[in-house]
1. Pull up the range B:47-57, narrow it to residues that are more than 8 Å from chain A (Cβ to nearest Cβ) and aliphatic (A, V, I, L, M), then point me to the one that is surrounded by the most Cβ atoms within 10 Å (Cβ to Cβ).
2. Could you tell me whether any residue of the range A:346-362 is within 11 Å of chain B (Cβ to nearest Cβ) and more than 24 Å from the chain's Cα centre (by Cα)?
3. Would you check which residues across the range A:217-253 are surrounded by 22 or more Cβ atoms within 10 Å (Cβ to Cβ) and either of a type in the set (Gly, Ala, Ser) or free of Cβ contacts under 8 Å to residues at least 40 places away in the same chain (or both) and list them?
4. Restricting the search to the range B:1-46, which residues are charged (D, E, K, R) and more than 7 Å from chain A (Cβ to nearest Cβ)?
5. Of the residues A:535, A:521, which is of a type outside the set (Val, Ile, Thr), over 26 Å from the mean Cα position of the chain (by Cα), over 22 Å from residue A:44 (Cα atoms) and at pLDDT 85 or above?
6. Pick from A:352, A:305: which is aliphatic (A, V, I, L, M) and either surrounded by fewer than 23 Cβ atoms within 10 Å (Cβ to Cβ) or within 20 Å of residue A:210 (Cα to Cα) (or both)?
7. Looking at the range B:14-32 only, could you name the residues that are more than 17 Å from residue B:51 (Cα to Cα) and among the aliphatic types (A, V, I, L, M)?
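The values are calculated or read from the model by the stated rules, or taken from the named source; none is laboratory data. Just so it is clear, the model here is predicted, and its values are computed rather than measured. No Cβ is skipped: glycine too gets one built from the backbone with ideal geometry, and neighbour counts run over all protein chains shown.
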Amino acid sequence: MNLAPVDWLIMLTYFVFVIAVGVALKRQMQSSSAYLQSNRSIPAWIAGLAFVSANLGAQEVIGMAASGAKYGMATSHFYWIGAIPAMVFLAVFMMPFYYGSRARSVPEYLKLRFDEKTRAFNAVSFAVMTVFSSGISMYAMGLLLNLLLGWDISAAMWLCAAIVLAYILLGGLTSAIYNEVLQFFLIVFGFAPLVYLGLRDIGGWSGLQLALEKVALAQGYQAGAWSNTWQYMGSTAQNPMGVEWFGLAMGLGFVLSFGYWCTDFLIVQRAMAANSMSAARRAPLIAAFPKMLFPFLVILPGMIAVALTQTAGHHGFALPAKPDGSLNYDLTVPMMLKYYFPQGMLGVGLTALMASFMSGMAGNLTAFNTVWTYDIYQAYVRRDASDKHLLWVGRMATLVGVLLAMAAAYLARSFNNIMDVLQLVFAFINAPLLATFLLGMFWKRTTGHGAFSGLVAGTVAAAVHHGMTLPIHAAVGVKGGWLASTHLYSSEMAQNFWTAIYSFSACFACTVLVSLATRAPDERQLSGLVYSLTPRLRDSSVWYLRPGTLGVIILLATAVFNIVFW
Amino acid sequence: MSFDIRNPIGLLFTITGVLLTGEGLWSGVSRAPGSAGLQVNIWCGIIMIIFGSVVLLVARLRNQHKT
């Protein structure tokens with residue numbers, strides 16, 4: 001890929017702005033709550049755009065385009081049932097407790113609602129996870145820049161890490177949030193022209209559908225398998241995802257989606273920084289509107305790419321093949337940038353890609369430094385630390401977080417298998433969280449012992465289920481089957497969905513049983529933390545801006561998308 | 001909050017838009033294989049300039065309104 005001076009200039013301009021935002025915010029960073037919580041002063045629309053942008057990391061952009069090529073339109077399940085309903089639920093039902101309890105983090109909510117051990121379990125596992133996932137993402141970025149521009153992998157990683165470190169050190173969470181808003185617009189402006197040019201190339205929507213029929217037939221599916229969402233979900237053999245509607249709806253639509261959007265502090269932190277309860281509740285709803293449309297921005301390029309590859313003769317766009325002959329779907333976005341954009345827009349597209357890698361790292365860092373400072377350092381190392389000291393700890397945690405992430409990136413570079421195993425372990429730990437939060441917020445009888453043992457049971461259930469099942473054609477090991485092989489799933493995705501379902505059920509059952517066997521919590525201490533013991537909120541805004549109304553509008557619109565692309 | 005995030009957003013996109021439009025005027029139509037013959041940079045540049053200026057305008061109106 002050849003860059004012209006104008007591309008470098010565009011990239012440089014963006015980086016100057018990113019750092020400048022940090023510099024401009026530096027003076028406000030006088031307390032730990034300014035640095036780690038933005039003083040709870042962010043307007044709803046900024047918190048909302050940051051909320052959706054924090055999730056729009058590069059793995060999302062590149063991964064969703066790859067899935068669009070691999071699975072077609074059905075990939076939008078990750079948005080229309082795998083995100084939107086959960087975002088609405090978070091806004092309408094859960095934000096009142098996160099925001100109203102004045103907890104500074106999600107683990108701290110667990111401390112207030114349950115006990116110290118539940119918080120510790122969540123805080124420590126979360127902190128470790130954020131470090132590793134930002135390391136993995138940095139490494140992925142180094143690889144991509146190396147491939148596209150011939151940069152040295154290490155140099156690319158250190159450069160981006162240094163920029164992220166600079167703007168977070170200077171401006172803390174506010175800086176991360178502001179830059180996420182910048183990144184949101186950059187991605188929209190960088191990718192929308194790509195979709196337009198791609199669609200124009202293949203002959204519009206009808207041309208795309210025709211070509212996708214060939215893709216589906218060539219791989220042995222029915223003609224519509226790439227251009228419909230639900231129609232071929234009746235059985236696992238009918239669709240390239242290898243999943244059926246129940247596993248999809250329960251595993252992805254309920255357990256995984258609600259578990260991620262409603263309990264992952266990286267995401268929820270953006271809404272918790274909002275300037276009022278009503279802003280905090282509206283943030284996920286404001287985020288849901290663009291999220292609903294993102295399939296057209298990030299999945300469509302993948303579908304166009306595979307369609308063009310199918311119809312290409314000796315000229316035209318085609319996805320590159322891997323050494324074993326299969327298509328390299330992960331290169332969908334970079335290859336399309338190269339094919340469709342002249343120098344100039346190429347710089348915008350690359351900058352958008354780098355920005356999404358960096359904001360992914362920034363999101364992890366700001367969540368890590370908050371959990372470290374409030375839930376680990378203040379809770380277990382120095383309870384009586386002054387706020388000034390905590391501010392210093394927060395800054396140090398940012399620095400150390402970047403260094404640890406870089407170490408993780410080098411680890412990922414040398415030992416790919418270790419990373420696969422670690423990600424698996426994280427998945428086991430995350431799987432049961434949703435049951436704990438649902439029971440904690442909506443059943444006042446749930447006890448700390450119940451929650452903790454439920455989490456352990458859910459994690460064990462996830463591990464055991466994974467260890468006893470295997471996706472078809474996979475080797476025993478990190479893909480599963482390391483205990484015994486009792487069931488073959490039609491795909492890894494189906495196995496993931498069912499791991500989540502089993503883990504949720506185990507956690508739910510164990511939490512209920514142990515809660516009933518242990519002493520009931522004191523109800524006077526649960527006000528503001530549990531649904532039935534909290535006074536109903538009255539949102540004073542006009543009726544069409546209330547979270548309930550917005551939520552219904554969003555769900556109806558999402559239903560329309562599901563029906564149109566059925 | 002001491003500064004309005006609309007200002008950097010508006011400024012960034014206006015500058016990027018100007019850079020793109022300038023590049024488009026300077027080197028003519030796109031030579032990328034997928035968009036050969038189209039004025040990709042000029043069109044995208046103009047759209048970015050319009051977006052950036054509107055955001056800057058909104059920021060200015062908002063701040064006047066406040067003071």
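1. Taking the range B:47-57 first, the residues more than 8 Å from chain A (Cβ to nearest Cβ) are B:49-50, B:52-57.
If we keep only those that are aliphatic (A, V, I, L, M) as well, we get B:49-50, B:54-57.
Details: B:49: 18, B:50: 13, B:54: 14, B:55: 22, B:56: 18, B:57: 12.
Here the answer is B:55.
2. yes
3. A:225, A:227, A:247, A:251, A:253, listed by residue number.
4. B:4, B:6
5. Working: A:535 fails: at pLDDT 85 or above.
Matching residue, one of A:535, A:521: A:521.
6. On the way: A:352 fails: either surrounded by fewer than 23 Cβ atoms within 10 Å (Cβ to Cβ) or within 20 Å of residue A:210 (Cα to Cα) (or both).
Answer to the check: A:305.
7. B:25, B:29, B:32
Yes or no, residue by residue, for (1) in contact with a Ser or Thr (Cβ under 8 Å, 6 or more places away or on another chain); (2) among the acidic types (Asp, Glu); (3) modelled with pLDDT under 90; (4) farther than 26 Å from residue A:561 by Cβ:
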residue: A:314; (1), (2), (3), (4): no, no, yes, yes
residue: A:326; (1), (2), (3), (4): no, no, yes, yes
residue: A:332; (1), (2), (3), (4): no, no, yes, no
residue: A:335; (1), (2), (3), (4): no, no, yes, yes
residue: A:341; (1), (2), (3), (4): yes, no, no, yes
residue: A:385; (1), (2), (3), (4): no, no, yes, yes
